[in-house]
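Values in this text are rule-based calculations from the coordinates and carry no lab data. None of the values given here were measured: they were computed from a predicted structure. Every residue, glycine as well, gets a Cβ built from its backbone with ideal geometry; the counts of neighbours run over all protein chains shown.
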Amino acid sequence: MDSKSEKNVPPIKRKSSDVRPREYLTPSEVDSLGRAALLSQRNPLRDSALILLCYRHALGVRELIGLKWQDFDFDKKTLTLLRERSSLKTEHLLEADEIALLQSLRKKLPGSDLVFCSERKSALNERSISAIVSQAGRKANIAFPVNPSMLRHSKGHQLAQQGYESETIQAYLGQKTGARSRQYVQDGKAAAISRNIALACSDDVSAATSKIWRQQLQQGKSLTLRVPLSSCNLGPGLDTIGLALNLYVYVTLRLAEDSNVGQSQLITLKGEITKQSKGSDIGDLIYTLLKKLWKSDQNLLGKVRLSITSDIPLGSGMGTAGAAILGAVWAVHMLQGNLLSKAQLLSESCSVEGHLESMAASLLGSFVVCGGGLNGARGAERIVAQTIAWPEDWIQIAVVPSYTLTTPMSRRVLGTRVDLNDAIMNIRNSSSMVAAVVNSDAVAMREVLKDHLHEQPRANLVPALNSLRSELSDAPIIGCVLSGGGPSLMVLTQRQHKDEVLERIRSWETSQARRSSIFDLQVDDQGMTVIQEQTANLES
């Protein structure tokens, strides 16, 4: 073959698997892609809006090219699409960030019928859209080449991982056949059979997803929230530090046809939450909350059925009440079509049951550091809650006694004034605790898990605290602290010492007059999560 012929030979197309590990992006990668597009020197608004809409509404390239302003109704917050592949007309809800971005874009290029166009108001072509997305991928430091079709696939995979059936995904993406949506579902199951359906707040899911949830409830299906319990304070971090654990409150929501029922039929409590403590108190509190928030829709209040299950009773110092309230507040707003952001949900839940650090850990997961909140006569300040990854090598062992303490009882033993030196020591230790977690420094953590404000006054109510500390004084632990206000205790150790420490705790427990349950725990890093949608038996 001569040199001229060699020049005319087309290049061999590489397999996709040779170019990138997968044909979709994760939600965090999509977020970084959108942020990178804002760094565009020529059209940051256009490029970031293009990527956001392409992903949120699973748009094909030709659908992006043909998108016109008349397709949007900003008053109704909707986007009407004529799907290219199926010729189906679909209506999608718009989120607030999309509307703000699009309105800013429209002001920049007035007079254009097309949403995405050049500075000369001419239509973009497939090549230019591909260039916009791929350039954003490079700026976002995504390790493989990115193209527009990956954004569409990303939405399909996201819906599948949230547990939606292939027919629902097919309808949302406007696909002509269900082959691709079935593949999304199959891939999702293969990746993680036990994966949770979706995080529960507007930070994580779209209004369209919330609408699907409400529709499924109206069709007789139930929706279950899994809300992790928490251990708070961890010694010096009084009312500031929370740690989410893999013990859970389950809040199951369904709708019934009959609305003429009493309070006892609206809210059902199951598990240990009904024992050893006044489970009816939380039921009464949640019912009062529902009545307040649904005062304009008593018919909906009559139809809702809320089942709350927990194997850790109220008054154990493990955040059971806060977790239940968090789930109930979320359910109230979701049924009204008002899916709150995490900040809004946390703020409203804390106004009902004010343990910020406990609720923040249950909502967000992981190790949580809190600030802001209610500030007496000056009113509410902005709540600040930040998560930090918990060291994988650190193990949590909970000792949960058979008796309980109410929050007022546990608070009553604390003074209204504290010594300045004690306050300074707690500030030092709690700040150092955060640094020890960040650095996975077990040696430092062992030194700073010392409280000067609340644990010793409460030791009279929880005699097991000093007893267990004495038993473990020579054991390879990081620390032994009260969980919340007690009576539960939390022992921290490193993974290689877990079996030895567990054996010591079990031996100690058998010698105690009051029995306790012992839990070998892990940190929950997902927070409050929707875990199942199933057909509900309305007669049960």
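For the peptides 444-457, 242-255, 461-474, what is the packing order when you average, over each peptide's residues, the other Cβ atoms within 10 Å and list the highest mean first? Walk me through the intermediate numbers first.
On the way: 444-457: 18.6, 242-255: 24.6, 461-474: 16.4.
Sorting 444-457, 242-255, 461-474 by mean packing, highest first, produces 242-255, 444-457, 461-474.
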Q) Hey, which of these cross-link pairs are over 27 Å Cα-Cα: K270/K303; K76/K107; K121/K155; K107/K211; K176/K342; K176/K211? A) K121/K155; K107/K211; K176/K342
Q: Take segment 394-521, compute every pairwise Cα distance, and split them into 10 Å bins from 0; I just need the percent in each bin.
A: 12, 41, 36, 11, 0
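If you restrict to DSSP beta bridges whose two residues both lie in segment 394-521, what percentage is antiparallel, to the nearest 5? Show your work: numbers first, answer last.
On the way: 17 of 17 bridges.
So the antiparallel bridges in segment 394-521 amount to around 100 percent.
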Q. How far is the Cα center of segment 459-515 from the Cα center of segment 323-371, in Å?
A. 30
Q: Give the long-range amide H neighbours of D239: residues separated by 5 or more places, or on another chain, with amide H under 5 Å away, using H modelled in the peptide plane at 1.01 Å from N.
A: N233
